[in-house]
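Data first, discussion second: the structure below is written as structure tokens.
FYI, it's all coordinate maths here, none of it is from the lab. Every value quoted in this text rests on a predicted model; they were computed, and no experiment measured them. Virtual Cβ from ideal backbone geometry, glycine too; neighbours counted across all protein chains shown.
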């Protein structure tokens, strides 16, 4: 709504209010004065008629009364007239017959006559203090209402005319007053559209002229400010472009992969190293893409292995949960954090992340695969060397013990042979002596001696005891021989070795580990030709596998499974390789354990019962020292199977390297 229209409407409203007050007050005054005059006329007419008919009523001159009543209703506005005797009888009446038939009720105000538009009034006919009758008179209020209606229409007409005149003059005044404002409005619109510095013509000396002057000053100041702002913005843009160019060049040329992510998890920039690291050349330069699509769908072309933390202890993550877990990890990271993950191509990526003020993130990724490989090689060498040192120490100790046991075993064996021969000779002597005494009928001497020394029992049990002692001594001799062969320090180098003999020695050495929890069976192909291997290291691997199998069976029995334990060692061959398989029916291993059993220091045994190095060293011995392979297959509740594969053409290299 324009200012001009507001001015016209405001003046019109003021005029309407004032005219309304004037019309209402004027009509009120006109109504009250006319009603008072009508009431006064009615009372005066009734009193006058009562005075004129007094003598006639006293004299009961009905003709005079009737004449006076008839003359009374001839007056304008009188609808009926009636004279009653003091006793209530009607002496004379004239006027509207329908009105005369109704009961007479005197009205006090004009409002009481609204029903029939007749104002009813009465006056007594009195002489002295004696009432001889009553005059009843009715005046019509129709003329009064018509007069008031005509006056209202006339006054409303005048008011409407005045309002139209006020609107016309108000419009003219508003146009005059708003002409300067319109010019000021047009000038403000031009400045708002960007025409800084525009000035308008000044007219007059009033407040609007002062406002126009202030506007011109403001417009000129805005022009100067815009010019300065454009200069500063131009210089700032130049500096920003230069800084962005330097930053972009730096990001593109640093060897680390840089990923910049905005607050809604969209990748807004990746540098050249990131494209090369994750093979992301298909993504257009400058294209914003969702984080999960860049880091997971695109990187999945290379493949994500389960996440590992910075201490190199990997966590197994299923294929379907890998993306979800990685997203949750990134969402839960603090302001600054670092983590690692491994790709399917064995590369290990170290990530450093920091959050931006707008909620975004900057991730710097470094390929640390070479560092991990060198560290892992160094650890394996240390573990292997440690294992060798322990094995050599154990071999030296075992060889010394075996050597010390060998001497007493030899003279015990020699003495046992002598005792066996002496026992046989004494038994023959006693038999011949007994036969001689019987021949000479000296049974009375033999019977008490036989009973006293229980000769029959000794003669029956002594050969068996000597046989069992000889068998036990042979077993001790075999164990000592196995220990000497298994742990002799002179066998640290690769040499032509009978693998079946290595298996038998490992079984003998570990007898005390498995004999009380399981039955051990061997299925050996005697046609396997000797191979050039390190018999000590290979024996160490078999001992580790047998001990682990016995522990797994014992664990299953401790859990209440009554199934008999069974360990099976199989040796077989094909054209290119020789295989040794160790199978048990122990507890088996879940997937997450099976994937980590060859990790250094990883163990599922209680603290103090395992170091986590046995299988790690065993794998290094088979894979690195003998160019073979050590594989495992296991299912929870079904047992475990380890397969040692030794290539025939790789053992020569093992011999050369060992030498």
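Protection proxy ranking for 242-250, 619-627, using the average of other Cβ atoms within 10 Å per residue and placing the highest first: 619-627, 242-250. Averaging over all projection directions, the Cα-based convex hull of region 118-224 occupies 15.0 nm² in the image plane. Most tightly packed first, judged by the mean number of other beta-carbon atoms within 10 Å of their residues, the peptides 574-582, 221-229, 86-94 read 574-582, 86-94, 221-229. Highest-first packing order for the peptide set 143-156, 628-641 is 628-641, 143-156, based on the mean count of other beta carbon atoms within 10 Å.
Between residue 185 and residue 153, the modelled label-to-label distance comes to 4.2 nm, taking each label 7 Å out from Cα in the direction of the beta carbon.
Each part reduced to its alpha carbon centroid, region 501-555 and region 71-94 end up 153 Å apart. Global dimensions of region 3-163 from alpha-carbon coordinates: Rg and Dmax equal 22.5, 84 Å.
Cβ-Cβ distance of residue 23 and residue 130, R₀ of 51 Å, FRET efficiency by 1/(1 + (r/R0)^6): the value works out to about 0.45.
Normalised by residue count, region 506-561 yields a Cα convex hull volume of 81 Å³ per residue. What FRET efficiency, computed as 1/(1 + (r/R0)^6) with R0 = 35 Å and r the Cβ-Cβ distance, is obtained for residue 165 and residue 206, rounded to the nearest 0.05? For R0 = 35 Å, the calculated efficiency reads 0.85. Could you state the number of Å between the C-alpha centres of region 101-126 and region 249-276? Comparing the Cα centres of region 249-276 and region 101-126, I get a distance of 107 Å. The overall shape of region 33-104 is prolate: from the C-alpha gyration tensor, with semi-axes ordered a ≥ b ≥ c, the ratio a/c is 1.5 or greater and a/b exceeds b/c.
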